[in-house]
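Participant: Okay, here's the structure, questions in a sec.
The values are calculated or read from the model by the stated rules, or taken from the named source; none is laboratory data. Predicted model only: the values in this text are computed from it and were never measured. Virtual Cβ from ideal backbone geometry, glycine too; neighbours counted across all protein chains shown.
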Amino acid sequence: MAYQIHIIPREDLQTADTWKFVVDECEGVRLASGEGSVVVNPKTGEEIRIGGSSTDAEIHFPDEDAWYPALFWRRGRASINARFEMGDETDPAWRVVSWLAQRLDGEIQGDEGEVFDCVTGQMVRDHLGRDV
């Protein structure tokens, strides 16, 4: 299973409407169509449809000039597969995650509960809740 990073907004900002608003304000990210995705199994050619949500978001990757589904809003937080280096200002995904977390006055949390600084990407609390 992929390792995920979660944007956990301040409690009073954990609504789908707030999420949609801040996504709309952020450069390099947009709400997806909500229609979901179609993936083709390379071995069988079978199409696999993955349902979407009106809160899912796509990130623009300028090097490829392409938009990819990346952020998924569920139960008051956004999640993304961590296929980027935390704090890498050259990575479009990190820039979006950092900006959204700051705008939502939230935390960036790893799957194991560790917490990362929203600007630098450095771990500030480990998975046991200890400051590092």
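Participant: Output the qualifying pairs, or none if there are none: Cβ atoms under 7 angstrom, residues six or more apart or on different chains, first residue in the stretch 56-70 and within 13 Å of Leu31 (Cβ to Cβ), second residue of a type in the set (Ser, Thr, Tyr) and part of a strand (DSSP E or B).
Facilitator: Going by the 7 Å Cβ cut-off, the qualifying pairs are Glu58/Tyr68; Ile59/Tyr68; Pro69/Ser37.
Participant: Being in contact with a strand residue (DSSP E or B) (Cβ under 6 Å, 6 or more places away or on another chain) and either modelled with pLDDT under 95 or of a type outside the set (Asp, Glu) (or both) is the filter here, so list the residues in the stretch 112-130 that pass it.
Facilitator: Listed by number, the residues that qualify are Val115, Phe116, Cys118, Met123, Val124, Arg125.
Participant: Under the condition of being polar (S, T, N, Q) and within 13 Å of Ile5 (Cα to Cα), which residue from the stretch 61-108 is surrounded by the fewest Cβ atoms within 10 Å (Cβ to Cβ)?
Facilitator: It comes out as Asn81.
Participant: For the stretch 88-132: of the residues being without any contact (Cβ under 8 Å) to a residue 40 or more places away in the chain and assigned to a strand (DSSP E or B), which is farthest from Phe61 (Cα to Cα)?
Facilitator: Asp131
Participant: Then there is this: Could you tell me how many of the residues in the stretch 109-132 are surrounded by fewer than 13 Cβ atoms within 10 Å (Cβ to Cβ) and within 12 Å of Ile8 (Cβ to Cβ)?
Facilitator: Result for the stretch 109-132: 1.
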